[in-house]
1. Does residue A:138 satisfy the criteria of being more than 16 Å from the ligand (Cβ to nearest atom) and in contact (Cβ under 8 Å) with a residue 12 or more places away in the chain?
2. Please work out if residue A:153 is within 15 Å of the ligand (Cβ to nearest atom) and acidic (Asp, Glu).
3. Could you tell me which numbered condition residue A:18 fails, if it satisfies all but one of (1) in a helix (DSSP H, G or I); (2) within 15 Å of the ligand (Cβ to nearest atom); (3) out of contact with any helix residue (DSSP H, G or I) (no Cβ under 7 Å at 6 or more places or on another chain)?
4. It is to be established whether one or more residues within segment B:83-103 are buried (at least 19 other Cβ atoms within 10 Å of the Cβ), within 33 Å of the chain's Cα centre (by Cα), at pLDDT below 90 and more than 16 Å from the ligand (Cβ to nearest atom).
5. When segment A:65-91 is examined, which residues are found to be facing another protein chain (nearest Cβ under 9 Å), touching a residue at least 12 places away in the same chain (Cβ under 8 Å) and in contact with a helix residue (DSSP H, G or I) (Cβ under 6 Å, 6 or more places away or on another chain)?
6. Out of the helices (runs of 4 or more DSSP H) lying entirely within segment B:156-214, which hold 3 or more residues that are closer than 22 Å to residue B:82 by Cβ?
7. Can you find even one residue in segment B:240-263 that is in the same structural domain as residue B:78 (by TED's automatic domain parsing), modelled with pLDDT under 85 and over 24 Å from residue B:279 (Cα atoms)?
8. For segment A:31-131, which fully contained helices (runs of 4 or more DSSP H) count at least 1 residues that are crowded, with 21+ Cβ neighbours inside 10 Å and within 9 Å of the ligand (Cβ to nearest atom)?
Amino acid sequence: MWKKLFDWLDERLGLNDLYKATLDRPEPKGNWWNTLGSASLFLFLLQGATGIFLMVYYTPSPDHAYDSIQYIMNEVAFGWLIRGIHHWGATLMVLVVFIHMLRVFITASYKYPRELTWIIGVGLLLLTLGMGFTGYLLPWNQRAFWATTVGTEIAGAVPFIGEFITSALRGGSDLSALTLSRFFSAHIWMLPALLSGLIGAHIYLIMRHGESAFPDKDD
Amino acid sequence: MREEHKKAIHEKYQRVLQKGERFWPDSIYKDLIISFAIFLVLVLLATFVGVPGEPKADPSDSSYVPKPEWYFLFLFKFLAMYGQLPAIGKVEWIAAILIPVVVLVGLFLLPLLDRNLKRHYSRRTLALTVMVVFVVSMIVLTLLASTPLLADDTGRMTLPTQMQMWAGLFVPAAAYVVLAGLGLLVKKLGERAGQAQAWTAGVASLAMIALTAAVLVMVPPVEVEEVLVAGTIPEQITAGQDLYFIHCVECHGDDGTVTVIAGVEGLEGTVVSPINSQDVMYTFTDDTLANIINYGQQDLGMQPFGVAYGGELGPSEIGYIVTFMRYSWDDRMEIPEGAVSTIPVPAEGEVPSYEIHIQPLVQRYCVSCHRAGKENNNFLMTSYQEILTTGDNVDLNIVAGDMEAYLILVINGQQILDPAMGDLLVDQMPPTRLMPPEYIDSLTRWIMAGMPEMAVEAQALSPAPAAAP
Ligand code: HEM
């Protein structure tokens, strides 16, 4: 019975081929350092899931952002847990992605034929930091406000176009409701969309070239 | 890269795979274990550490010292140190833009820049040692982030500051130069170049870490003071009540019922609408109330309280006052359990202590006038020390065990006359309406017992309970 159902589905979906391509891949003998990439992926998905829950109550306006976070923390059932996981998850994701990069660097896994995997990886690192930077402003508290003020100011040091970049980030000369809505849409739409696209490409390349082996004396 | 190299790499990889494993089921379980462990750690962090509270953003309070997320701290510290350099330190864009961009482009193009075909650690000493120095300097800069960079009177950097500059800038910079130089000499020195690089990176890292540890011991990082952040509604109501009693009672009274202001200079006899009335509570939304407190009612006599308009209250604090008013006076709201804070009153025979009984009482009834910047005969009451050591008549105000102490007299409604001139020295306190009798009693008993600060001291002073028969 199950076999029949499976065969029927397999004929149409190609489940067996999918299994061969994704799960039944040959790999060199690995160790625990090879889990950091998938840990990054897990954290990304977890941030997505908790972020979606936070979105239910969060309001991206200077008047209500702070109060909506207070509401999530104090009134919503398990709101503190969801926000806590999202908050610490952001920190941990930066850490894990960075250590993942270090391990890839140390084992020289970025060399032929995995150059593109690395280049996309650096993009992922930058986007992860971008997520941290934009998300930091959203609670609209003192810390967030002033850190973002200074952070966007740094862009002003670019010769000639610095002012333009700063005001493009802020949506004006000072931090305002516009800044919040820009950071908000970057944090929940633009950066995650880019991230998921690049993660897809990253993982496609990993499957295509296979996990690299740890270098031995002859390499 | 030549075709034969590529072929060799592929062949080598196929041989490794022969001896390898399968993603499913050989290695995926490790991924799952790590992910699950991460999830557990996050739940524990969320439960036991939580997210630290912060007051609401206040665009007018530019005295706030900005602190970015910890993973950007190293950049901030780097910029701050770079700014200390003579001459070049003034060209901000070199450190703020040029160097980060060069590092990032280098990182992006690493696979193209690194033409070394070798993969084993012993043959990539340059790349590995540069990375070690870089990561150690990032860690060091992060650790030093909250230690200030200071100059002494003559404008020279202090010793700990110089040590910071070495740890964060000079040592790593020197190390990069030496490492790169050794890299150029590889042809000549062979194996020994790699060893020299490893030593350089090791010594440089140790030096950076040692300097950092020394600085952290010499200059302990500044503790940031905790700001009052009320989370739950009951906490907000309590915080709002305290603030209301400090800032609003002189005109609006304990309970918002005042209709004619008395005893406030310049506003004597001004008519105000009772702000606890249905009229006010039903017609004003929370936002309107917050705005009134923020901007004041200038033309009618109420000064602005928002920091942005010259007052003392930030947006969070104004929010707490509004919450307090709403829950206390709006008959459509039900006050949540545990929200009303009562001032503890000592039991029969118990000696009151500053910590438990007096501090909240004084906070509620006296601090609104008895704090810096108000007219009060220089008698400040915001801490235990101040109460005992300030005031024009400090020697007569509070005298342990003396019923004639000024403070006891005035809170009981007596006026103190100047012994020499005979005119009024101190009015009754609080000037407009005396406190309820149980609080007068509490304050009196505290002075009679000798003003104990801590609850344990007060307990030691209390008469031992009669032994049971
Ligand atoms: C959101 C961030 C990232 C995710 C979700 C991710 C995911 C993954 C996964 C699942 C793997 C395979 C397992 C492993 O080797 O750990 C992998 C491998 C790899 N990653 Fe990432 N990664 C991220 C960031 C980066 C970064 C920042 C870099 C480097 C700049 C990078 C470079 C690589 C390379 C070169 C490999 C191949 C390693 C090998 O074949 O041994 N990745 N990544």
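The values are calculated or read from the model by the stated rules, or taken from the named source; none is laboratory data. Just so it is clear, the model here is predicted, and its values are computed rather than measured. Here the Cβ positions follow ideal geometry from the backbone for every residue, glycine too, while neighbour counts run over all protein chains shown.
1. Numbers: more than 16 Å from the ligand (Cβ to nearest atom): yes; in contact (Cβ under 8 Å) with a residue 12 or more places away in the chain: yes.
Here the answer is yes, as residue A:138 does meet what is asked.
2. So residue A:153 fails the test.
3. Single failed check for residue A:18: (2).
4. So far as segment B:83-103 goes, yes, one or more of its residues are buried (at least 19 other Cβ atoms within 10 Å of the Cβ), within 33 Å of the chain's Cα centre (by Cα), at pLDDT below 90 and more than 16 Å from the ligand (Cβ to nearest atom).
5. Scanning segment A:65-91 gives A:82, A:83, A:85, A:86, A:89, A:90.
6. Result: B:159-165, B:171-184.
7. Taking segment B:240-263 first, the residues in the same structural domain as residue B:78 (by TED's automatic domain parsing) are none.
No: segment B:240-263 contains no residue that is in the same structural domain as residue B:78 (by TED's automatic domain parsing), modelled with pLDDT under 85 and over 24 Å from residue B:279 (Cα atoms).
8. Working: elements: A:36-57, A:65-74, A:79-106.
Passing ranges, in order: A:36-57, A:79-106.
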